[in-house]
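Before we start, here is the structure in question, set down as structure tokens.
The values are calculated or read from the model by the stated rules, or taken from the named source; none is laboratory data. Computed from a predicted structure; not experimentally measured. Because the Cβ atoms are built from the backbone with ideal geometry, glycine has one as well, and the counts that use them run over all protein chains shown. Side chains are part of the model used for accessible areas, which takes the heavy atoms of the whole protein and leaves out ligands, DNA and RNA. Shrake-Rupley method; radii C 1.70, N 1.55, O 1.52, S 1.80 Å.
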Amino acid sequence: MPPKAKVTREDILSACVEIIRQSGFDAVNARALASRLGCSTQPIFSNYASMEALKADALCYAEQVYQHYLRTEVASGEFPPYKASGMAYIRFAREEKQLFRLLFMRDRSAEPPKNDGGDFDGILDMIQRSTGLDRERASLFHLEMWVCVHGIATMCATSYLNWDKDMISRIMTDAYEGMKLRFLAEEGEK
């Protein structure tokens, strides 16, 4: 009789991510993983001290996938870097609906507050260079743009709408240019 195949942490994490992609984060449990892996729950708990530890790894994995979307979109050069980051966020929501929900639509009320803004200083630098706004106004500008982008992404992640890339790009440009005019007009009134 051949020896049983060893189930690795990578196997378990991969199965966990596939369950998330198919059924969402709430569907992840030891039995579902064991079933997907074709084993008992023992290898899962031999590799992970708890389901919380596995879920933390799944969250890190989802973040890595999202960061790959960002890097790829910015590197493509199709859009200016600030717009590219918004386009990547929305594309991630469209293509990885459950991972997007896990990262950006989960209840965080029991989690300690943290800034998920990534390179916030770099973002504000980009906005300041392209608009001429001071740091405080650039921060408010980014917050308003992020609300717009997050709204589009959420509607894509929930299949509320299915806009193509050109429509999304146009709406983002309209929002950006409209806010830029408003912010600059407000500065001129001071």
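State the number of lysine pairs found in the chain whose Cα atoms come within less than 28 Å, restricting to pairs 8 or more positions apart or on distinct chains.
Total qualifying Lys-Lys pairs in the chain comes to 13.
Probe radius 1.4 Å, ligands and nucleic acids ignored: give me the carbon and sulfur share of the accessible area of the chain as a rounded percent.
55
Roughly speaking, what is the stretch gain from residue 53 to residue 125, that is 0.36 nm per residue apart minus the C-alpha to C-alpha distance, in nm to one decimal?
Gain in length upon complete extension: 22.3 nm.
Take the alpha carbon gyration tensor of the stretch 117-190, find the square roots of its eigenvalues, order them as a ≥ b ≥ c, and report rounded if a/c is under 1.5; if not, report prolate when a/b exceeds b/c, else oblate.
prolate
Quick one: dipole size for the chain, taken about the Cα centre, charges +1 on Lys/Arg Cβ and -1 on Asp/Glu Cβ, in debye to the nearest 20.
So the magnitude is around 700 debye.
In square nanometres and to one decimal, what's the mean projected area of the convex hull around the Cα atoms of the stretch 1-71?
5.3
Ok, one more. For residue 68, tell me the accessible area in Å² from a 1.4 Å probe, rounded to the nearest 10.
100
Then there's this: Considering the options 72, 39, 131, tell which one lies farthest towards the positive end of the dipole of the chain, charges being +1 on Lys and Arg and -1 on Asp and Glu at the Cβ, about the Cα centre.
The listed residue farthest towards the positive side: 39.
What residue among 59, 102, 143 shows peak mean-square fluctuation when the chain is described by a Gaussian network model with Cα springs under 10 Å?
Maximum among the listed residues: 143.
Here's something else I'd like to know. What spacing in nm lies between the two simple spin-label points modelled at residue 71 and residue 10, each 7 Å away from Cα in the Cβ direction?
According to this spin-label approximation, the distance is 1.7 nm.
Based on the mean of other Cβ atoms within 10 Å per residue, sort peptides 12-20, 173-181 so the most packed one is first.
Sorting 12-20, 173-181 by mean packing, highest first, produces 12-20, 173-181.
Can you check what the net charge comes to around residue 78, using other residues whose Cβ is under 15 Å from the Cβ of residue 78 (Lys, Arg +1; Asp, Glu -1)?
+2
Per residue, what accessible area does the stretch 1-148 have, given a 1.4 Å probe and all protein chains present, in Å²?
58
Cα extents of the stretch 74-115 along the three principal axes, largest first, in whole Å?
Projected onto the principal axes, the Cα atoms of the stretch 74-115 cover 39, 22, 11 Å.
Now, a different point. Would you calculate a helix-derived [θ] at 222 nm for the chain, using -39,500 (n - 2.57) for each DSSP H run of n ≥ 4 and dividing by the full residue count, to the nearest 500?
Result for the chain, helices only: -24000 deg cm²/dmol.
May I ask you to derive the relative contact order of the chain, considering only C-alpha pairs under 8 Å and at least 6 residues apart, and to give it as an integer percent?
Here the relative contact order equals 19 percent.
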